[in-house]
Amino acid sequence: MNLLHVRIEEAGYEAHSPAIRDIEFGLRQGELVGLIGHNGAGKSTTIKAMLGMIRHMRGSMQWAGERPSYAYVPEHPVVYDDLTLWEHLETAAAVYELERPMFIRRAEELLRQFRMEDVRHHLPGSFSKGMRQKLMLILAFLHQPDVYIVDEPFVGLDPRGTKQFLELLRAERERGAGVLMSTHVLDAAERMCDRFVLIADGTLAAQGTLDDLRAASGLPDGTLFDCFHELA
């Protein structure tokens, strides 16, 4: 089942100056799609265009169902310095209209899994970058959406946090959620992703499974790293 279809004709931060163009791909239920490309290729811009965060955009987003259900984890954590961790969760629960018993159960479980129970009433100004990233992940997993859109999730995470993130992501995919993950960690992407969307110079250079990228690059035994450098 297709959860999401993205078609970006062009998008940019200034009128008549597109940063990306001619990008089209889909995301299916239970699938993990890796959005890959060099720094500055247009990965984050693609995500922002998808989410309506760029004013100058022509294209369309088609979601399964009448009401899109998604969670976005940005590359750089966005937090409110005057709200505690728990208050962040309560605010998100109100937005998602989670029933109180379900919210409490889910929040307690995620705090335990990410080892953040002891700082639930602390302000994020005292958190390390990794702890802020964990807060963003907890907020994303809280309401179990249909689609996760995650931009460079491994930045700042320690090995334990990375392991917990991947385990939760696996469980969510088994539940039927789809994941679009932008990353430059190609060895991890090769192990994890079902398909890839390769962005180069602001446009779609290739997409498909690793075998598809191997065929496109002429490297029948190539790694994702090899194919990436041939195609990008």
Candidate set from segment 111-135 (those that are touching a residue at least 40 places away in the same chain (Cβ under 8 Å), crowded, with 20+ Cβ neighbours inside 10 Å and among the hydrophobic types (A, V, I, L, M, F, W, C)); member that is nearest to Thr84 (Cα to Cα): Leu135
Hey, Arg105 out of contact with any helix residue (DSSP H, G or I) (no Cβ under 8 Å at 6 or more places or on another chain), without any contact (Cβ under 8 Å) to a residue 12 or more places away in the chain and not acidic (Asp, Glu) or not: yes
Pair list, Cβ < 8 Å and 6+ apart or interchain, from segment 210-226 residues that are free of Cβ contacts under 8 Å to residues at least 60 places away in the same chain and surrounded by 15 or more Cβ atoms within 10 Å (Cβ to Cβ) to residues that are hydroxyl-bearing (Ser, Thr, Tyr) and in a helix (DSSP H, G or I): Asp226/Ser217
Looking only at segment 53-77, and only at residues there that are touching a strand residue (DSSP E or B) at 6+ places or on another chain (Cβ under 8 Å) and among the small types (Gly, Ala, Ser), the one that is nearest to Asp151 (Cα to Cα): Ala71
Selection count where residues are without any contact (Cβ under 8 Å) to a residue 40 or more places away in the chain and crowded, with 19+ Cβ neighbours inside 10 Å, scope segment 10-34: 0
Output for segment 109-148, where each listed residue is more than 21 Å from Glu174 (Cβ to Cβ) and among the polar types (S, T, N, Q): Ser126, Ser128, Gln133
Residue count, segment 166-181 (criterion: at positive phi and under 13 Å from the mean Cα position of the chain (by Cα)): 0
Failed item in (1) among the charged types (D, E, K, R); (2) modelled with pLDDT of 95 or more; (3) under 13 Å from the mean Cα position of the chain (by Cα), with Arg195 passing the rest: (3)
Considering residues of segment 59-80 that are surrounded by 12 or more Cβ atoms within 10 Å (Cβ to Cβ) and among the polar types (S, T, N, Q) only, the residue nearest to Leu35 (Cα to Cα): Gln62
Selection status of Arg120, in contact with a Leu (Cβ under 9 Å, 6 or more places away or on another chain) and either basic (Lys, Arg) or within 28 Å of Leu210 (Cα to Cα) (or both): yes
Residue that is nearest to the chain's Cα centre (by Cα) [pool: residues in segment 124-143 that are hydrophobic (A, V, I, L, M, F, W, C) and more than 23 Å from Ser69 (Cα to Cα)]: Met131
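The values are calculated or read from the model by the stated rules, or taken from the named source; none is laboratory data. Keep in mind it's a predicted model, so treat the numbers as computed, not measured. Methodologically, a virtual Cβ is constructed for each residue, glycine included, from the backbone with ideal geometry; neighbour enumeration extends over all protein chains shown.
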